[in-house]
Amino acid sequence: MKLFGTKEAPAGLVTAPEVTASIHENGIVFFDKQQGVLFSSNRIGALVWQAADRRQSLDGITAQVAREFDVPFDEVAADAAQFLAELERNGIMRRTRN
């Protein structure tokens, strides 16, 4: 199990400080300690989040997922952006204020 802290991600997103992430062979589970809520995703979601947590660009994330899972770049780009937006909506990631 790997746990990750707060780091900047694409488009000014950061993992919320009250969120703990646990990666396992089938994907990822996020736990929001403040709200007591679990959020889970598959392996692709785990890969997208890990790359975002390492501050990789959306294009870089898209290229990596497209290559590893043999999926068209444009399809991955839309899905990755949507997934990151969903993480933001659910309070897993937040926008930084610069």
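A short reminder: the numbers here are calculations on the coordinates, not readings from a lab. Computed from a predicted model, the values in this text were never measured in an experiment.
For the reader, a short list of remarks on this structure follows.
- Sequence-ordered 3J(HN,Hα) estimates for region 72-88 from the Karplus curve with 6.51, -1.76 and 1.60 and θ = phi - 60° stand at x, 3, 4, 5, 5, 4, 5, 5, 5, 4, 5, 5, 5, 5, 5, 4, 5 Hz, glycine and proline given as x.
- Gaussian network model of the chain, Cα within-10 Å springs - most flexible of LEU84, LEU38, LEU58: LEU38
- 5 angstrom amide H check on LEU13, placed H, neighbours 5+ away: THR96
- Amide H to amide H, with H built 1.01 Å from N, SER40 comes under 5 Å of PHE30, counting only residues 5 or more places away or on other chains.
- Scaled radius of gyration (Cα, divided by 2.2 N^0.38 Å) that the chain gives: 1.00
- Among VAL37, VAL29, VAL19: highest mean-square fluctuation, GNM of the chain, C-alpha pairs under 10 Å: VAL37
- In degrees, nearest ten, helix 43-53 long axis to first principal axis of the chain (Cα): 70 degrees
- Potential extension, ASN26-ARG55 segment - 0.36 nm per residue separation minus Cα distance: 8.2 nm
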